[in-house]
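The values are calculated or read from the model by the stated rules, or taken from the named source; none is laboratory data. These figures come from a predicted structure and were not determined experimentally. Cβ: placed from backbone, ideal geometry, glycine included. Neighbour counts: every protein chain shown.
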Amino acid sequence: MGREAIAKETLSPPERAFLVGVDWKSRPEGRYVEHAWSAAESLAELERLAETAGLEVIGKSTQRLDQPHPATFVGKGKAEEIAGAVHELGADVVIFDDELSPRHQRELEAIFGDKVKVLDRTGLILDIFALHANTREGALQVELAQYEYRLPRLTQAWTDRAYSQQTGGRAGGATGGVGLRGPGETRLELDRRIIRRRIAQIERDLEEVRAHRARHRRQRRRGGLPSVALVGYTNAGKSTLLNALSGSEIYVADELFATLDPTIRRVDLPGGTAILITDTVGFIQKLPTTLIAAFRATLEEVQEADLLLHVIDASHPQAREQARAVYDTLQEISASDIPLLTALNKVDRFEDPQAAGLALYDLPNTVAISALTGYGLETLKLRLEEALEAEMARVKVQLPFDRGDLVSLFHERGLIQTEEYQEQGTYIVGRIPHPLLPQFEAYQVKARRR
């Protein structure tokens, strides 16, 4: 299913989707079935993803398995049963709730026939991301993830169809002419070579984006403002919360992955401290590794934050499981050691807002809030101020010129209020995280040196 097909949903009837899930008896190696997500719950989330992509879900099927079938993922008999239902219902696409291997996809396409497309959760999420990427950075990150996902799945039949569509059924094409291929090179080999070249170019472009973001982070650090990153499951209400705290008007929608590109806003806290809060892409269970890798430039905003504000939809039936999926992702991106404050959002949906806190009492550092109504936001601001003060130590240091590494570390992890270059070295007044204190201890000064 291409991005163009979804984008035209307003001009033609939506494609019809049939969903397939697996109820795993045990966890197959490399697959995400932990945290008590049942097959029905996970399939319900897949349906929301499909609807977000503009598809109409017309049927579902599940199978209980120990391990994926090596050829068809589900059992071959089950695959044929699904094919019968798909043709009877007139489905255009079959979507599996787990990531399919290239072999699985080929075998299933052969069983379902040429007119039925086969997609997995990863491919569906990629299509949604492509629709929501509104900046050059977002578009590059999505394009990289799409190419890395599709490259091992590229087949001669697929590339023949692509060229046929490009050329109106004629052999060859804009990039498929004989003159562009090396001796004996097939169209499939050419496509793979072109994709690898494009991946390399995108990676170079994203390195420039990372460098640009790093420069901006250093400039923000020099301004002495602490940074807080909003993290949470998709559709937990992060953008609504940032709007409520900052008075801005970031795009908000009741759909999965409504926000893809990072947004930074200044927020003033009750004690007079100003902070910068960054809203980033939401997480989801079974988040593909390719997406995490592709969004490295964006996720560095999370990794470099002084504090994480974990936003949870406290009214969601799988709130606890969603929280654990977020913790897993934070660990995967090496951000699990950053201090964390938890905002239990959407408590306006409870008769007693404090009931949300009681239900999720064991989650770390919780505050019950409603970003929609404003309930608990002043308390949240106070807790943010307390958490930041607890994690940062105020220091005055005189760093010798041969300790440029410590100057860089202060810029990267600390908050600088004053920086002067003097005869003895670099004089800095600011705040640094407590774990970094031992590295600066030998250079601390009690009074300013002239």
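State yes or no: is residue 103 over 22 Å from the mean Cα position of the chain (by Cα), in a helix (DSSP H, G or I) and either modelled with pLDDT of 90 or more or among the charged types (D, E, K, R) (or both)?
So residue 103 passes the test.
Among the residues of the stretch 282-307, write down those that are more than 16 Å from residue 124 (Cα to Cα) and not in a helix (DSSP H, G or I).
Correct list: 295, 304, 305, 306, 307.
Could you list, in sequence order, the residues of the stretch 384-413 that are small (Gly, Ala, Ser), over 15 Å from residue 275 (Cβ atoms) and in contact (Cβ under 8 Å) with a residue 40 or more places away in the chain?
Across the stretch 384-413, the qualifying residue is only 393.
Quick check: anything in the stretch 63-83 over 21 Å from residue 16 (Cα atoms) and assigned to a helix (DSSP H, G or I)?
yes
Among the residues of the stretch 420-438, write down those that are within 16 Å of residue 391 (Cβ to Cβ) and in contact (Cβ under 8 Å) with a residue 24 or more places away in the chain.
Once the filter is applied, which keeps residues that are within 16 Å of residue 391 (Cβ to Cβ) and in contact (Cβ under 8 Å) with a residue 24 or more places away in the chain, the stretch 420-438 yields 430, 431, 432, 433, 434, 436, 437.
The rows are residues; the columns are (1) within 26 Å of residue 45 (Cα to Cα); (2) at pLDDT below 85; (3) buried (at least 17 other Cβ atoms within 10 Å of the Cβ).
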| residue | (1), (2), (3) |
| --- | --- |
| 261 | yes, yes, yes |
| 267 | no, no, yes |
| 284 | yes, no, yes |
| 299 | yes, yes, yes |
| 327 | yes, no, yes |
| 334 | no, no, no |
| 347 | yes, no, yes |
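Would you mind stating whether residue 387 is crowded, with 17+ Cβ neighbours inside 10 Å and closer than 30 Å to residue 291 by Cα?
In short, no.
Just to verify a result, which residue in the stretch 269-281, among those that are in contact with a Lys or Arg (Cβ under 7 Å, 6 or more places away or on another chain) and at pLDDT 85 or above, is farthest from residue 320 (Cα to Cα)?
Checked the stretch 269-281; the qualifying residue farthest from residue 320 (Cα to Cα) is 270.
Pick from the stretch 215-233 the residues that are assigned to a helix (DSSP H, G or I) and modelled with pLDDT under 80: which of them is farthest from residue 264 (Cα to Cα)?
Among residues in the stretch 215-233 that are assigned to a helix (DSSP H, G or I) and modelled with pLDDT under 80, the one farthest from residue 264 (Cα to Cα) is 222.
Is it the case that the stretch 234-257 has a residue that's at pLDDT 80 or above, at positive phi, in contact with a Leu (Cβ under 9 Å, 6 or more places away or on another chain) and surrounded by 17 or more Cβ atoms within 10 Å (Cβ to Cβ)?
Filtering the stretch 234-257 for residues at pLDDT 80 or above gives 234-247.
Those left that are additionally at positive phi: 235, 237, 247.
Those still in the list that are in contact with a Leu (Cβ under 9 Å, 6 or more places away or on another chain) too: 235, 237.
Within this subset, residues satisfying the condition of being surrounded by 17 or more Cβ atoms within 10 Å (Cβ to Cβ) are 235, 237.
Within the stretch 234-257, one or more residues are at pLDDT 80 or above, at positive phi, in contact with a Leu (Cβ under 9 Å, 6 or more places away or on another chain) and surrounded by 17 or more Cβ atoms within 10 Å (Cβ to Cβ).
Sort out which residues of the stretch 84-98 are surrounded by fewer than 21 Cβ atoms within 10 Å (Cβ to Cβ) and either in contact with a strand residue (DSSP E or B) (Cβ under 7 Å, 6 or more places away or on another chain) or in a loop (DSSP other than H, G, I, E, B) (or both), and write them in order of number.
Let us first name the residues in the stretch 84-98 that are surrounded by fewer than 21 Cβ atoms within 10 Å (Cβ to Cβ), namely 84-85, 87-90, 92.
Across the stretch 84-98, the qualifying residues are 85, 89, 90, 92.
Could you tell me which numbered condition residue 427 fails, if it satisfies all but one of (1) buried (at least 17 other Cβ atoms within 10 Å of the Cβ); (2) among the hydroxyl-bearing types (Ser, Thr, Tyr); (3) within 18 Å of residue 230 (Cβ to Cβ)?
Checking residue 427 against (1) buried (at least 17 other Cβ atoms within 10 Å of the Cβ); (2) among the hydroxyl-bearing types (Ser, Thr, Tyr); (3) within 18 Å of residue 230 (Cβ to Cβ), the one that fails is (3).
Does residue 81 satisfy the criteria of being charged (D, E, K, R), modelled with pLDDT of 95 or more and more than 26 Å from residue 292 (Cβ to Cβ)?
It is true that residue 81 is charged (D, E, K, R), modelled with pLDDT of 95 or more and more than 26 Å from residue 292 (Cβ to Cβ).
Filter the stretch 99-147 for residues that are more than 22 Å from residue 45 (Cα to Cα), among the polar types (S, T, N, Q) and surrounded by fewer than 19 Cβ atoms within 10 Å (Cβ to Cβ) and give the result.
Correct list: 134, 135.
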